[in-house]
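The values are calculated or read from the model by the stated rules, or taken from the named source; none is laboratory data. Note that the coordinates shown come from a computational prediction; the quantities given were computed from them, not determined experimentally. Quick reminder, even Gly has a Cβ in these numbers, built from the backbone with ideal geometry, and neighbours come from all protein chains shown.
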Amino acid sequence: MNGFNEKDGILHVDDIALPEVASSAGTPCYVYSASVIRDQYAALKGAMEIALPADRQPLLCYACKANSNLAVLSLLRSLGCGLEIISEGELVRGLKAGFDPAKIVSTGVGKQKSEIKACLEAGIHQFNVESLPELERINEVATKIGKTASVVFRLNPDVAGGGHDKISTGRSHDKFGLGAENVTKGFEAASTMENVTALGLSMHIGSQVFTVESFREAFDKLPALVESLREGGHEITRLDIGGGFPIVYDDEKLLDLDAYAAWVRDIIAPLNTEIIMEPGRYLVGNAGVLLTEVLYIKETDDRSFLVIDAAMNDLLRPALYDAFHGIEAVANRSNAATTYDVVGPVCESSDIFAEQRNLPTMAQGDLAVIRSAGAYGFSMASNYNTRPLPAEVLVDGSNHAIIRQRQSFDDILKSETIPDWLK
Ligand SMILES: Cc1ncc(COP(=O)(O)O)c(C=O)c1O
């Protein structure tokens, strides 16, 4: 069966029992289902295929900040995806995973000279420009190496989207994008630059955007701006409408993708441009779990703590955003419920995955999964408390492979040195 399912009382991913994964990869480890990633890609692509004419199909550029493992990237590349990158490191990963540079878009408010150069040398599709000084820097680097940069300007539409204050990006006080006036100034400046070609606009209002109307509100800002830029003699041939599609963490109602697609058809497609989208979380979030072992059950006068071997350094979202993640036992799933606080070993009070959560009664050594951990999970992991980065495993039907080895202490320590005078 595809995805996460129970067989003979044991939680599986596709055909693979999770205890088998724990024995081969150890815990904590991330486990991803290739079939869920394929299904999510097909759902998004399918909604666009139904709503939009064949010559207006969007290029889906996967926002790999969500999960940048090379195997995950290769899978999405094989499905036809392009790539959205935010750093030179992500460019290196994308190229290594075989993405066509002509399908890569570079975003972010702080592009460095070295990464602009690397993107130009690779021949990426476009830079999504977020400030006027950045435009100048792109032109400067392009001139120096004799290349021409294709750019679009990221419009800040002043629309609140995003499931949490810290993942909202489209309000005027956010650091992202440019107001309409500065977008126009950008086009005027670009028209005087030798090594930059301005081709369109981009926007991205936030992540985990539940209210589908927020997208329409943002889209509605585009037609008038496109018209005024065209009247000003600027060619607008590309619109990048960003990502932000939500997934289920708890009992959220999913985005009405068909309504979204209908607005792309009614508001964006008539502007007769190439259309680009930047989905991240939607493609991989529900495809991953963090598999963990119960280290101890600690009883206090106040409560029962389930101390697990995964911690906030492995999955930061609960500590960073107070994010909810479902937690499930891998076996003995019909045990009577006990109320636990599920916590990790890190020395911070915020190292807590769930408070007062009802779970099947568990014992030391039992396995559990933290659900919906495929996006912004491993990619935000750190070595805090000198904990090695966890392993990652990809399951595909009856195949499974470790796609990233657990980090060793040598890996962590090898780039540190003690100066001679301290020896
Ligand atoms: C510019 C840009 N595009 C796309 C995304 C992907 O967002 P999501 O994972 O919510 O689809 C992000 C995420 O922060 C982003 O900053």
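Residues that are of a type in the set (D, E, K, R) and touching a helix residue (DSSP H, G or I) at 6+ places or on another chain (Cβ under 9 Å) within segment 175-213 comprise K185, E194, E213, listed in sequence order.
None of E392, E416 is acidic (D, E), at pLDDT 95 or above and surrounded by 20 or more Cβ atoms within 10 Å (Cβ to Cβ) except E392.
Sort out which residues of segment 238-277 are touching a Pro at 6+ places or on another chain (Cβ under 7 Å) and within 14 Å of the ligand (Cβ to nearest atom), and write them in order of number. Those that are touching a Pro at 6+ places or on another chain (Cβ under 7 Å) and within 14 Å of the ligand (Cβ to nearest atom): G243, F245, E252, L254, L255, I276, M277. Annotation note: of S33, S106, S68, S114, the sole residue that is closer than 17 Å to I276 by Cα and not aromatic (F, W, Y) is S106. Given the criteria surrounded by fewer than 20 Cβ atoms within 10 Å (Cβ to Cβ), closer than 27 Å to L389 by Cβ and not assigned by TED's automatic domain parsing to the domain that holds T361, does Y249 qualify? It is true that Y249 is surrounded by fewer than 20 Cβ atoms within 10 Å (Cβ to Cβ), closer than 27 Å to L389 by Cβ and not assigned by TED's automatic domain parsing to the domain that holds T361. Among the numbered conditions (1) in contact (Cβ under 8 Å) with a residue 12 or more places away in the chain; (2) surrounded by fewer than 18 Cβ atoms within 10 Å (Cβ to Cβ), the only one that F187 does not meet is (2). Condition check for G98 on (1) away from the ligand (no atom under 16 Å from the Cβ); (2) in contact with a helix residue (DSSP H, G or I) (Cβ under 6 Å, 6 or more places away or on another chain); (3) part of a helix (DSSP H, G or I): one failure, at (3). For the criterion of being within 19 Å of V151 (Cβ to Cβ), polar (S, T, N, Q) and within 16 Å of the ligand (Cβ to nearest atom), S202 passes.
The set of residues from segment 308-328 being hydrophobic (A, V, I, L, M, F, W, C) and surrounded by fewer than 19 Cβ atoms within 10 Å (Cβ to Cβ) comprises L320, F324. Condition test on S372, is it modelled with pLDDT under 95 and either part of a loop (DSSP other than H, G, I, E, B) or in the same structural domain as K65 (by TED's automatic domain parsing) (or both)? Judged against the criteria, S372 is not a match.
Looking at segment 1-13, which of its residues are buried (at least 21 other Cβ atoms within 10 Å of the Cβ) and within 25 Å of Y62 (Cβ to Cβ)? If the condition is that a residue be buried (at least 21 other Cβ atoms within 10 Å of the Cβ) and within 25 Å of Y62 (Cβ to Cβ), then F4, V13 are the ones that fit. When Y296 is tested against the conditions (1) over 20 Å from the mean Cα position of the chain (by Cα); (2) surrounded by 24 or more Cβ atoms within 10 Å (Cβ to Cβ), the lone failure is (2). Within segment 1-55, the set of residues being in contact with a His (Cβ under 6 Å, 6 or more places away or on another chain) and not polar (S, T, N, Q) comprises I16 only. Picking from residues in segment 13-67 that are among the polar types (S, T, N, Q) and not in a helix (DSSP H, G or I), the one that is nearest to the ligand (Cβ to nearest atom) is N67. When segment 173-183 is filtered for residues that are away from the ligand (no atom under 14 Å from the Cβ) and farther than 18 Å from Q126 by Cα, the ones remaining, listed by number, are H173, G179, A180, E181, N182. Taking the listed residues L271, L225, L290, the one that is touching a residue at least 24 places away in the same chain (Cβ under 8 Å), farther than 23 Å from L83 by Cα and assigned by TED's automatic domain parsing to the domain that holds A354 is L290, with no other qualifying. In the set (1) surrounded by fewer than 23 Cβ atoms within 10 Å (Cβ to Cβ); (2) assigned by TED's automatic domain parsing to the domain that holds H204; (3) among the acidic types (D, E), the condition left unmet by D302 is number (2). Those helices (runs of 4 or more DSSP H) of segment 112-228 in which 1 or more residues are over 27 Å from A66 (Cβ atoms) occupy 132-145, 180-191. Take the residues in segment 70-93 that are away from the ligand (no atom under 15 Å from the Cβ) and under 28 Å from V109 (Cβ atoms), then tell me which one is surrounded by the fewest Cβ atoms within 10 Å (Cβ to Cβ). Step by step, filter segment 70-93, then rank; the result is G89. When we screen N139, N128, N156 for residues that are assigned by TED's automatic domain parsing to the domain that holds L255, away from the ligand (no atom under 12 Å from the Cβ) and surrounded by 14 or more Cβ atoms within 10 Å (Cβ to Cβ), the only hit is N139.
With respect to (1) in contact with a Pro (Cβ under 8 Å, 6 or more places away or on another chain); (2) within 15 Å of the ligand (Cβ to nearest atom), the lone exception for K111 is condition (1).
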